[in-house]
Amino acid sequence: QVQLVESGGGLVQAGGSLRLSCAASARTFDSYAMGWFRQAPGKERELVAAISWSGRNTYYADSVKGRFTISRDNAKNTVYLQMNSLKPEDTAVYYCAAGATMYIKMEYAYDYWGQGTQVTVSS
């Protein structure tokens with residue numbers, strides 16, 4: 001069982017930055033791929049960014065490429081999402097997820113989910 005706790009959300013003006021963190025309880029954190037998903041009101045949940053267990057492979061949705069960076073610190077059992085140049089359309093609840101998988105772009109591959117953290121970008 002893996003428990004995930006997100007932090008770092010909040011209210012920011014357009015053009016600003018936030019860094020989300022997700023702390024995992026897994027003793028074998030470095031065997032899990034990690035993903036950041038988001039869900040805006042009235043919209044489906046979407047994968048924003050993902051990173052393989054080693055950190056060598058990453059994935060970004062087209063909407064965030066060049067603005068968001070996913071990273072992980074396996075020694076701290078933590079994954080991060082640095083979000084720059086935020087836009088109002090980035091407003092959503094952001095979820096951290098973990099999966100013992102190589103298919104980092106596939107939502108079905110993630111078995112464990114955090115409770116989410118709200119990100120609100122004002123115009």
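Computed quantities for the displayed model
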read-out: Residue ID - farthest from R45 (Cα to Cα), chosen from residues in segment 94-114 that are under 12 Å from the mean Cα position of the chain (by Cα) and in a strand (DSSP E or B); value: A98
read-out: Those strands (runs of 3 or more DSSP E) lying entirely in segment 1-69 with at least 3 residues surrounded by 14 or more Cβ atoms within 10 Å (Cβ to Cβ); value: 4-7, 18-24, 33-39, 46-51, 58-60
read-out: Neighbours by Cβ (under 8 Å, 6+ apart or cross-chain): first from segment 1-25, on the phi > 0 side of the Ramachandran plot; second surrounded by fewer than 17 Cβ atoms within 10 Å (Cβ to Cβ) and of a type outside the set (S, T, N, Q); value: G8/R19
read-out: Residue list for segment 84-93, restricted to those being of a type in the set (A, V, I, L, M, F, W, C) and either in a strand (DSSP E or B) or surrounded by fewer than 18 Cβ atoms within 10 Å (Cβ to Cβ) (or both); value: A92, V93
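Only the coordinates and a few stated rules stand behind these numbers; no lab work does. All values derive from a computational prediction rather than experimental measurement. Cβ atoms come from the backbone with ideal geometry, glycine included; neighbour counts cover every protein chain shown.
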